[in-house]
1. If residue 121 satisfies every condition in (1) in a helix (DSSP H, G or I); (2) exposed (fewer than 14 other Cβ atoms within 10 Å of the Cβ) but one, which is the exception?
2. Can you tell me which residues in the range 37-51 are outside any loop (DSSP other than H, G, I, E, B) and crowded, with 24+ Cβ neighbours inside 10 Å?
3. Do you know which of the residues in the range 183-200 that are of a type in the set (A, V, I, L, M, F, W, C) and in a loop (DSSP other than H, G, I, E, B) is farthest from residue 216 (Cα to Cα)?
4. Kindly indicate whether residue 94 is outside any strand (DSSP E or B) and closer than 21 Å to residue 208 by Cβ.
5. Taking only the range 127-142 into account, find how many residues are modelled with pLDDT of 95 or more, among the aliphatic types (A, V, I, L, M) and surrounded by fewer than 18 Cβ atoms within 10 Å (Cβ to Cβ).
6. Taking the stated definitions as given, is residue 72 modelled with pLDDT of 95 or more, surrounded by 14 or more Cβ atoms within 10 Å (Cβ to Cβ), over 21 Å from residue 208 (Cα atoms) and under 18 Å from the mean Cα position of the chain (by Cα)?
7. Assess whether residue 199 counts as being modelled with pLDDT of 95 or more and more than 13 Å from the chain's Cα centre (by Cα).
8. Do you know which residues across the range 1-53 are within 26 Å of residue 193 (Cα to Cα), among the acidic types (Asp, Glu) and out of contact with any strand residue (DSSP E or B) (no Cβ under 8 Å at 6 or more places or on another chain)?
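The values are calculated or read from the model by the stated rules, or taken from the named source; none is laboratory data. Fair warning: this is a prediction, and the values are worked out from it, not measured in the lab. Heads up, the Cβs are rebuilt from the backbone with ideal geometry, glycines too, and the neighbour counts pull from every protein chain shown.
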Amino acid sequence: MFNWPQKAVENLSLIFPHATFYKPTDAAVVALTIDDVPIPGESAPCSTRWILDAIATHNQSVSNPDENARATFFIIGSHLNQDFELLPDMVAQGHEVANHGFVDTWPALQSTAQFEAQFQATHQRLQQHLPAYPIRWYRPGRAFYTPPMWAVLKRASGYEASFALASMLPLDTLARTAEPAFTAQYVAQHVFPGAILLLHGGSVARSQNTAAALRLILPQLRSQGYRVTTLSDLWQLPTKVTTPHSFMAQFKD
């Protein structure tokens, strides 16, 4: 059966070999990733906790803790606020913390020195909140990257030498499409084994939308037999060996 989202990301992975769009696997597992968190300037408890609470509420209905939904939260360094326990609480709840740069901008337009400085600044801030915690993934703002950026990523200790992208476009960042039911429906159209799902925080409105959408998305995925987990957990699954197809060959399946 032709699966357009899966075939599309398979072809993207051939064009952009230094990026991770999905995990080749037959397992009914998807990664949930949340970008742009937290919200700058907020006090504790901050609005990002609405997203954590939505996941925690869903997990209360899961009898086996090994099947709890978990997420990878991509943190913008300058967004860290007065809720100093947010990142430790994320990790304590089984979630993963990752690097999303220091400001919400286009890192592909920065000089190499500026990109590396901001990459390292966020890494250091994450380490201040989570001493000795292994930061494994970096996702570039706006999803674009350059060869010099990849050179920086390759020499960053502990990081995967691949930019963590996703299997879907971020329509929840647009005012016209940032509505929970639409977000849930859109996510459902991009689910397949090994998919990397992408939602957003970073503002009160986006955090509200993501929290409400997850209350629809997580039960639906569970009913379809999918396990929702972190990017690192998905990545450690055995890799399915596939034979790449050309773009036009997909339409013959």
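1. (2)
2. The answer is 37, 51.
3. The residue in question is 192.
4. no
5. 1
6. no
7. Taking the combined requirement at face value, the residue does not satisfy it.
8. Passing the criteria: 26, 53.
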